[in-house]
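What follows is a short report on a single structure.
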Amino acid sequence: PYLADDVTWPESRDLPAQMLNDAARFQAPNGGMCFWVAQDTRVSPYLSAYTAIAFGWLQRAGAAPSQVVQQGLDAYLRTMLRRNVFPPHYSLEMMSNVRAVALAALARRKALDDGDVLRYRSQLPRMSVFAKAHFLEAAFLTLGEHPVVDEALAALLAHGHQSAGKFSLSEALGQGQAQGGGQGEEDNDGHRYLLETPVRANCAALSSLTALAQNPQLGKQVLPLAQKMVRSISAARGRRSHWENTQENAFCMAALADYARRFEATTPDLTLRASINNEPLGEIGFSAFNDPAATVSRPIRATDVGQT
């Protein structure tokens with residue numbers, strides 16, 4: 001109901017099943033995922049964690065991966081949380097960031113215990129905004145109301161910038177890397193390896209804040225921020241039908257869908273009227289999710305000069 005009637009994509013009925021069937025060809029014997037050649041030495045830790053996140057999105061939409069692939073991937077992620085399976089070029093910050101995504105993927109499947117989350121509490125300061133968002137969601141889904149959740153939320157919101165209508169999170173890329181042992185150019189390399197962008201981080205954070213709204217008390221705190229984040233994310237897209245790259249498109253569409261499911265589930269039925277000093281400017285009605293945006297306006301007049 002969110003799409004216009006003229007939006008058609010016949011291939012969408014078959015693509016998820018095709019991709020899930022192909023997934024086994026990209027899975028190494030140890031359960032991790034590879035970009036091309038399915039060998040243990042070619043496993044990408046971030047790709048593995050991201051694939052688990054994407055499997056969760058697809059499963060919620062009714063397209064589940066095979067149990068063999070899912071179980072193998074879960075096993076690899078659990079190994080990643082307990083052992084160093086990372087390539088040599090991974091810094092401490094990169095490891096913490098990927099593990100945070102893995103925690104969130106497993107938490108969404110209710111496949112974590114408290115110890116898995118608490119073990120990485122001390123690494124929270126080292127994580128990027130993108131990773132903090134995933135750690136926050138993993139902590140909330142696993143621990144419920146807990147000091148670690150409050151700590152992770154505060155750490156995430158510390159990156160925030162708020163105006164009357166928008167809220168966004170930002171960071172100096174490479175800042176945490178220096179804490180983890182790398183410096184200078186290596187910092188930027190690490191963020192490139194993990195495909196970091198500010199927009200993707202904000203979209204992951206929106207999903208996490210939306211998840212926290214399941215708790216009524218936390219919901220009061222995060223809902224005003226989530227509303228403003230939606231505006232920031234939409235503004236980052238501008239007049240385009242997409243964001244800058246595949247990762248941004250995936251996380252931002254998922255975040256907006258999460259937000260819509262939780263906060264905009266009721267079909268709109270409202271009329272908006274605008275006026276200036278009791279002079280009507282126009283009236284607009286909305287009765288469907290896919291109603292187009294509308295504008296009312298009038299030109300500035302000579303008599304307006306000096307008026308409030």
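Within the range 123-135, one or more residues are surrounded by fewer than 20 Cβ atoms within 10 Å (Cβ to Cβ) and either at pLDDT 95 or above or more than 17 Å from Leu195 (Cβ to Cβ) (or both). Residues in the range 72-95: is at least one modelled with pLDDT of 95 or more, touching a His at 6+ places or on another chain (Cβ under 6 Å), in a helix (DSSP H, G or I) and over 20 Å from Phe26 (Cβ atoms)? Scanning the range 72-95, I find no residue that is modelled with pLDDT of 95 or more, touching a His at 6+ places or on another chain (Cβ under 6 Å), in a helix (DSSP H, G or I) and over 20 Å from Phe26 (Cβ atoms), so the answer is no.
Within the bounds of the range 7-23, is there any residue that is touching a Ser or Thr at 6+ places or on another chain (Cβ under 9 Å) and open to solvent by less than 90 Å² (accessible area, probe 1.4 Å)? Yes, the range 7-23 contains at least one residue that is touching a Ser or Thr at 6+ places or on another chain (Cβ under 9 Å) and open to solvent by less than 90 Å² (accessible area, probe 1.4 Å). Checking Val68, Val98, Val117 one by one, the residue that is of a type outside the set (Phe, Trp, Tyr), assigned to a helix (DSSP H, G or I) and touching a Pro at 6+ places or on another chain (Cβ under 6 Å) is Val98 and no other. Scanning the range 136-148 for residues that are among the aliphatic types (A, V, I, L, M) and surrounded by fewer than 24 Cβ atoms within 10 Å (Cβ to Cβ) yields a total of 3. For Val117, the conditions (1) of a type outside the set (Ser, Thr, Tyr); (2) touching a strand residue (DSSP E or B) at 6+ places or on another chain (Cβ under 8 Å); (3) over 22 Å from Ser44 (Cβ atoms) all hold with the exception of (2). In the range 28-55, the residue that is nearest to Leu194 (Cα to Cα) out of those that are open to solvent by 30 Å² or more (accessible area, probe 1.4 Å) and touching a residue at least 40 places away in the same chain (Cβ under 8 Å) is Tyr50. Residues in the range 236-294 that are outside any loop (DSSP other than H, G, I, E, B), open to solvent by 40 Å² or more (accessible area, probe 1.4 Å) and of a type in the set (D, E, K, R): Arg237, Arg261, Arg262, Arg273, Glu279, Glu283. In the range 287-301, the residues that are free of Cβ contacts under 8 Å to residues at least 40 places away in the same chain reach residues that are polar (S, T, N, Q) with C-beta atoms within less than 8 angstrom, at least six apart or across chains, in these pairs: Ser287/Thr267. With respect to the conditions (1) open to solvent by 50 Å² or more (accessible area, probe 1.4 Å); (2) in a loop (DSSP other than H, G, I, E, B); (3) in contact (Cβ under 8 Å) with a residue 24 or more places away in the chain; (4) under 20 Å from Phe251 (Cα atoms), Gly62 lacks only one, and its number is (3).
Cβ separations smaller than 8 Å between residues 6+ apart or across chains give the following pairs from the range 4-23 residues that are touching a residue at least 24 places away in the same chain (Cβ under 8 Å) to residues that are open to solvent by 80 Å² or more (accessible area, probe 1.4 Å) and aliphatic (A, V, I, L, M): Pro16/Ala61. Applying the condition of being closer than 20 Å to His146 by Cα and more than 19 Å from the chain's Cα centre (by Cα) to the range 77-116 and asking which residue is surrounded by the most Cβ atoms within 10 Å (Cβ to Cβ) yields Leu112. The test for being under 16 Å from the mean Cα position of the chain (by Cα) and closer than 22 Å to Val149 by Cα does not hold for Cys252.
The values are calculated or read from the model by the stated rules, or taken from the named source; none is laboratory data. Please read all numbers here as calculations on a predicted model, not as lab measurements. A quick note on method: Cβ atoms are made from the backbone with ideal geometry, for glycine too, and the neighbour counts reach across all protein chains shown. When the accessible area is computed, the model is the full protein with side chains, heavy atoms only, and any ligands, DNA or RNA have been set aside. Shrake-Rupley method; radii C 1.70, N 1.55, O 1.52, S 1.80 Å.
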